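The values are calculated or read from the model by the stated rules, or taken from the named source; none is laboratory data. Computed from a prediction, not measured in an experiment: that's the story for all the values here. Ligands, DNA and RNA are stripped out before the accessible areas are found, and what is left, the full protein with its side chains, is counted by its heavy atoms. Shrake-Rupley method; radii C 1.70, N 1.55, O 1.52, S 1.80 Å.
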Amino acid sequence: MTSSTTRRKSSTFYVILIAGAAMQWVANFVISTTFPPILKNFGLGSAYGLYTIAAATSFFFILFFIKETKGIELEDM
């Protein structure tokens, strides 16, 4: 493996890491801005129910539509 290939892998990894952290911040912002109105208008059970449904939906989406990447190089994806 050459130095440029290693550098490219490293920079790709950091871009993916930054994108993941940014999406975490976006998700936290969305939850923190939607929770108070949902709590006020519909109650605590509805708020947690909505977020539970969203989490379950994302779980099944990942389970059925995202391919396994274990043992595959980043460039081969």
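Values as computed for the structure displayed
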{"item": "Exposure of T33 as accessible area (Å², to 10), given a probe of 1.4 Å and all protein chains", "result": "70"}
{"item": "Ranked order, Y14, Y51 - accessible area, probe 1.4 Å, largest first", "result": "Y14, Y51"}
{"item": "Gain in span if fully extended, I16 to S46, counting 0.36 nm per residue against the direct Cα distance", "result": "7.4 nm"}
{"item": "In sequence order, calculated HN-Hα J values of segment 39-55 (Karplus, 6.51, -1.76, 1.60; Hz; x Gly/Pro)", "result": "4, 5, 8, 10, x, 5, x, 5, 5, 5, x, 4, 5, 5, 4, 5, 5"}
